[in-house]
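Enquirer: Once you've had a glance at the structure underneath, I'll fire off some questions.
The values are calculated or read from the model by the stated rules, or taken from the named source; none is laboratory data. Bear in mind the structure is a predicted one, so any value in this text is a computation, not a measurement. Because the Cβ atoms are built from the backbone with ideal geometry, glycine has one as well, and the counts that use them run over all protein chains shown. Side chains included, ligands, DNA and RNA excluded: accessible areas come from the protein's heavy atoms. Shrake-Rupley method; radii C 1.70, N 1.55, O 1.52, S 1.80 Å.
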Amino acid sequence: RSDIFLITSAFKRIQTLLMLLIATFIFKSVIAIAIAAVISSAINNIINIIPNIMLMNYRIAEFISDIAPPILMSIVMAVTVWTAGLLINAILLKIIVEVILGIIVYLGVSLIVKPEGYRYLRNALFRK
């Protein structure tokens, strides 16, 4: 249903823009912008699930089981990268190590958890 898609897309874009404008011009902080982006993403997920519940009988438990693995993988990666960043003082080296470590940790956790997106990518890349 394109009408519902259009409405939800409009709501998501408007609320994201408002959140980022408020964070940018009222709080004037990079941290506030990052927090606003995370909150906006959570709100967008809620906006996405409402039509799915109504149109496709998509249960909240299914939604949580779909989003839990990537969220947990991101938390593991973020904690690892943040901890490593505490140990390095040189800013350029810190950025390089954090990016490389983040990629390695996320891929490593993907190998263990095997979320749906990982399986899809693996099958697409290694199709015989």
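Enquirer: Specify which residue in the list Leu87, Ile60, Tyr120 is farthest towards the positive end of the charge dipole of the chain, using unit charges on the beta carbon of Lys, Arg (+1) and Asp, Glu (-1), about the Cα centre.
Expert: Checked the options; the winner is Tyr120.
Enquirer: In percent, what relative contact order does the chain have, based on Cα pairs under 8 Å that are 6 or more apart in sequence?
Expert: Reported as a whole number, the value is 17 percent.
Enquirer: Let me ask another. Write down the Kirkwood hydrodynamic radius of the range 78-128, to one decimal in angstroms, obtained as one divided by the mean of 1/r over all alpha carbon pairs.
Expert: Over the range 78-128, the inverse of the mean reciprocal pair distance is 12.4 Å.
Enquirer: A follow-up question, please. How do 41-50, 117-126 rank on mean C-beta neighbours within 10 Å, highest first?
Expert: Packing order, densest peptide first, comes out as 41-50, 117-126.
Enquirer: At 25 °C and a viscosity of 0.890 mPa s, what translational diffusion coefficient does Stokes-Einstein give for the chain, taking Rh as the Kirkwood radius over Cα pairs? Give it in µm²/s as a whole number.
Expert: 140
Enquirer: Another question, if that's okay. Rounded to the nearest 500 deg cm²/dmol, what is the calculated helix-only ellipticity per residue at 222 nm for the chain, with -39500 (n - 2.57) per DSSP H run of length n ≥ 4?
Expert: Taking each H run of at least 4 residues, the total per residue is -29500 deg cm²/dmol.
Enquirer: For Glu98, what accessible surface area do you get with a 1.4 Å probe? Give it in Å², rounded to 10.
Expert: Rounded to the nearest 10, that gives 50 Å².
Enquirer: Tell me, what is the 1.4 Å probe accessible area of Val30, in Å² to the nearest 10?
Expert: Spelled out: Val30, probe radius 1.4 Å, area about 120 Å².
Enquirer: Taking the solvent-accessible surface of protein heavy atoms with a 1.4 Å probe, what is the per residue accessible area of the chain in Å²?
Expert: Result: 77 Å² of accessible area for each residue.
Enquirer: Which percent of the accessible heavy-atom area of the chain goes to carbon and sulfur, probe 1.4 angstrom?
Expert: 75
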